[in-house]
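I have a structure I would like to understand better, so I am pasting it below and will then ask my questions one at a time.
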Amino acid sequence: MPLDAKTIIARNSLFRALPEQTITQITALSSRRSYKADAVVFMGGDPGDALYGVVTGRVRISASGSGGKEVFLNIMEPGDAFGEIALLDGQPRTAAATTLAPTELMIIRREDFLALVKREPQLAVHLIELLCKRVRWTSEQMEDSSLLNVPARLAKRLLSLAASHGRKTPEGAQLRLSQEDLAQFLGLSRQIVNKYLQTWKKQGWITLGRGSVVLGDERALRALTRKD
C-alpha cells in the first residue's frame, strides 16, 4: 500500500519529532507526480526548487565527476526524501535523480516551504541538524577513501546499505543493487568490485543474485573494516 504524504513527512529525519500541527502544515504544501522507470527527476545543474519524497518506487542519486565519470551516491526508497540542500539555498542541483522503477514522488516546492520555515522556528532547527548530519556523512566518506583499503571500503558500504535499505530474509539482509551501481557508488571499476564479491561468495559470506546481494555473514564483513 502506497505511503501517504503525511506518513512520509512524519517518518523522515527532516521532520521527525515536529509537532503534529507542523507536520500537517507541511503536508498541505505537497503535491504528487508519477514517473516511469528510468525517468529523470532532475539533473545536476537544474534549479533547486523542490524537496522530493518517495511514495512508491526507487530513485537513484548520482553525480558526474571529472571527465564525465558518473559517481553513484545513494538509493532512495519509499519513505526517503531527497533534495534538501537545494530546497534551502536555491542553488543548482549538485547531483542527478533518476527512477529505477515506476515511481510516485511527493513534491514540496521551495517557495512554499521557506514561507512555512519563517513561521515555524522548530522546523528551522531541524533543518540545521539535518545539514550537520549530511556534512558528517560526507566527511566520513572522504576519510574512508583515504584511510581504508578497497575490501574494507566495499564491506563497509555493503553493511551501511544493508542497514538503511536492506530487506531481511532467512539468508541475511538482501540489497537490490547491481555490481555496476555498487562500483559507481565507491568510485571503483566493476571488475574490482566483482573480484572481492566473488571471493566473499566462495567464503560463504554473501550470496549473489541478478541485481542483488545477500549478506549472509555480516560479522565477517564487519571484521574486514577493522583490519585496515
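The values are calculated or read from the model by the stated rules, or taken from the named source; none is laboratory data. Just so you know, these numbers come straight off a predicted model, no measurement behind them. Glycine also receives a Cβ, built like all others from the backbone with ideal geometry; neighbour counts cover every protein chain displayed.
So GLN174 fits all but one of (1) at pLDDT below 85; (2) within 16 Å of GLU77 (Cβ to Cβ); what number is the exception?
Single failed check for GLN174: (1).
Under 7 Å by Cβ, and 6 or more places apart or on different chains, what pairs join a residue from segment 155-166 that is charged (D, E, K, R) with one that is modelled with pLDDT under 85?
LYS156/ASP144; LYS156/LEU148; LYS156/THR225; ARG157/PHE185; ARG157/LEU186
Which of (1) modelled with pLDDT of 90 or more; (2) aliphatic (A, V, I, L, M); (3) more than 23 Å from GLY90 (Cα to Cα) is the odd one out, the single condition LEU29 does not satisfy?
So LEU29 meets the others, but not (3).
In addition: Regarding segment 108-129, can at least one residue be identified that is closer than 25 Å to ARG167 by Cβ, among the β-branched types (Val, Ile, Thr) and touching a residue at least 12 places away in the same chain (Cβ under 8 Å)?
If we filter segment 108-129 for residues that are closer than 25 Å to ARG167 by Cβ, which is where we start, we get none.
Looking through segment 108-129, none of the residues is closer than 25 Å to ARG167 by Cβ, among the β-branched types (Val, Ile, Thr) and touching a residue at least 12 places away in the same chain (Cβ under 8 Å).
If GLU84 meets every condition in (1) modelled with pLDDT under 85; (2) farther than 29 Å from GLY187 by Cβ; (3) not hydrophobic (A, V, I, L, M, F, W, C) apart from one, which number is that one?
(2)
Let me ask something additional. I'm trying to understand the selection: among the residues of segment 1-55, which are of a type in the set (A, V, I, L, M, F, W, C), in a loop (DSSP other than H, G, I, E, B) and loosely packed, with under 13 Cβ neighbours inside 10 Å? Break it down into steps so the answer makes sense when it comes.
Initial filter on segment 1-55 (of a type in the set (A, V, I, L, M, F, W, C)): 1, 3, 5, 8-10, 14-15, 17-18, 23, 26, 28-29, 37, 39-43, 50-51, 54-55.
Subset that is in a loop (DSSP other than H, G, I, E, B): 1, 3, 14-15, 17-18, 29, 37, 39, 43.
Once the filter is applied, which keeps residues that are of a type in the set (A, V, I, L, M, F, W, C), in a loop (DSSP other than H, G, I, E, B) and loosely packed, with under 13 Cβ neighbours inside 10 Å, segment 1-55 yields MET1, ALA17, ALA37.
Applying the selection to segment 56-75, what residues are modelled with pLDDT of 90 or more and either in a strand (DSSP E or B) or surrounded by fewer than 20 Cβ atoms within 10 Å (Cβ to Cβ) (or both)? Steps first, please.
Applying the first criterion (modelled with pLDDT of 90 or more) to segment 56-75 yields 56-61.
If the condition is that a residue be modelled with pLDDT of 90 or more and either in a strand (DSSP E or B) or surrounded by fewer than 20 Cβ atoms within 10 Å (Cβ to Cβ) (or both), then THR56, ARG58, VAL59, ARG60, ILE61 are the ones that fit.
Next up: Within segment 94-104, does at least one residue satisfy the condition of being under 16 Å from THR27 (Cβ atoms), at pLDDT 90 or above, touching a strand residue (DSSP E or B) at 6+ places or on another chain (Cβ under 6 Å) and not in a loop (DSSP other than H, G, I, E, B)?
Here is the first cut: in segment 94-104, the residues under 16 Å from THR27 (Cβ atoms) are 104.
From what is left, the residues that are at pLDDT 90 or above are 104.
Then drop every residue that is not touching a strand residue (DSSP E or B) at 6+ places or on another chain (Cβ under 6 Å), which leaves 104.
Subset that is not in a loop (DSSP other than H, G, I, E, B): 104.
Within segment 94-104 (the criterion being under 16 Å from THR27 (Cβ atoms), at pLDDT 90 or above, touching a strand residue (DSSP E or B) at 6+ places or on another chain (Cβ under 6 Å) and not in a loop (DSSP other than H, G, I, E, B)), the answer is yes, since at least one residue qualifies.
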